[in-house]
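In what follows, a single structure is set out as structure tokens and then discussed.
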């Protein structure tokens, strides 16, 4: 997947319902415990689908950075802080999915933070 394909996918996220849920979660982050966020995601099928879409995107990012399919420095300059913020916001829910999902997300966060 090329850099431009990633940007294109990011554009789809920006125009989708996922964007609405991401922003809503960000606004409520300081007032929402991890357990409340998890319960909110699990109780709202649209929210859950949006979060899964975002987590899938983050997995593609992690894999593409690891395999050097995209330029790490360019990606981090363009989307690094945003991706870190989103990944951390939904990390509690990722932990409920599988240990593998949780580990992949932690690896992505660590990789992006190490380049700041």
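Observations on the model:
- Overall form of segment 45-116 per C-alpha gyration tensor (a/c, 1.5; a/b vs b/c): prolate
- Based on Cα contacts under 8 Å between residues 6+ apart, segment 45-116 shows a relative contact order of 39 percent.
Just so you know, all these numbers are worked out from the coordinates, no wet-lab data involved. All values reported here derive from a predicted model rather than from experimental measurement.
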